Amino acid sequence: MCLLMADIEPLKPSNTGWLIADVVPDTFAFGWARTDVDPALIALLTDPQWQPYVVFPAAFAQPERVVHVVHHDAQKRPLFILLDGTWDEARKMFRKSPYLQRFPVLSLHPEQMSRYRLRRAQSDTHFCTAEVGALCLDLSGDTTAAEALNAYFDVFTDHYLKAKQQLPIDTHDAGHARLLALR
């Protein structure tokens, strides 16, 4: 996974991108700036062991760039580039990052609605970064990691919402049991 994080996104307590880094050992995170690209990001994107996919809705990409499946190649592992920020920030990152324009755009079509409840989304079809990461893991065949990330996301959401309401956390509930079973 490669997280391109907008502005102060990594500092927000409701950010779910960091959950991916806790579950997926090969996670790389970079701050995004329109005019200043981290050389380590460019090195990662050009590393021959990776096949980068920009994960974004097809409606915003040229049709010839859009893919719906991950091609499994013995020589290259998929590298999912997730634009971590608000919906408006993610669209800006997608449009204003010329170094991403040469990669296929992986357009996901999840059958479920988003479970994200920590910030207001513009639409129930807009998924948070952890949900997108789990969908990518599942699509690439790593169902165990996808399940672990989904379970971790559910526990994180429960903890966050209860902390905001100053309610006690039940570490013996179904969500915690599911997460422990996946460890």
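The values are calculated or read from the model by the stated rules, or taken from the named source; none is laboratory data. All figures in this text were calculated on a predicted structure; none of them were measured in a lab. All Cβ positions, glycine included, derive from the backbone under ideal geometry; neighbour counts span all protein chains shown. Each accessible area value is taken on the protein alone, full model and side chains, heavy atoms only, with ligands, DNA and RNA left out. Shrake-Rupley method; radii C 1.70, N 1.55, O 1.52, S 1.80 Å.
Going through segment 80-90 one residue at a time, which ones are within 22 Å of VAL70 (Cα to Cα) and either open to solvent by 50 Å² or more (accessible area, probe 1.4 Å) or among the aromatic types (Phe, Trp, Tyr) (or both)? Break it down into steps so the answer makes sense when it comes.
Kept after step one, since they are within 22 Å of VAL70 (Cα to Cα), are these residues of segment 80-90: 80-84, 90.
Answer for segment 80-90, where residues must be within 22 Å of VAL70 (Cα to Cα) and either open to solvent by 50 Å² or more (accessible area, probe 1.4 Å) or among the aromatic types (Phe, Trp, Tyr) (or both): just PHE80.
Here is a yes/no grid of residues against (1) β-branched (Val, Ile, Thr); (2) not in a helix (DSSP H, G or I):
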{"site": "ALA21", "(1), (2)": "no, no"}
{"site": "PRO25", "(1), (2)": "no, yes"}
{"site": "THR35", "(1), (2)": "yes, yes"}
{"site": "LEU45", "(1), (2)": "no, no"}
{"site": "TYR53", "(1), (2)": "no, yes"}
{"site": "ASP73", "(1), (2)": "no, yes"}
{"site": "PHE80", "(1), (2)": "no, yes"}
{"site": "LYS92", "(1), (2)": "no, no"}
{"site": "LEU108", "(1), (2)": "no, yes"}
Residue tally, condition among the basic types (Lys, Arg) and buried (at least 18 other Cβ atoms within 10 Å of the Cβ), over segment 125-176: 0
Residue match in segment 100-113 (condition: under 20 Å from VAL23 (Cβ atoms), modelled with pLDDT under 80 and either within 14 Å of the chain's Cα centre (by Cα) or open to solvent by 40 Å² or more (accessible area, probe 1.4 Å) (or both)): yes
Whichever residue in segment 12-36 is surrounded by fewer than 17 Cβ atoms within 10 Å (Cβ to Cβ) and in contact (Cβ under 8 Å) with a residue 60 or more places away in the chain and, among such residues, is nearest to GLY85 (Cα to Cα): SER14
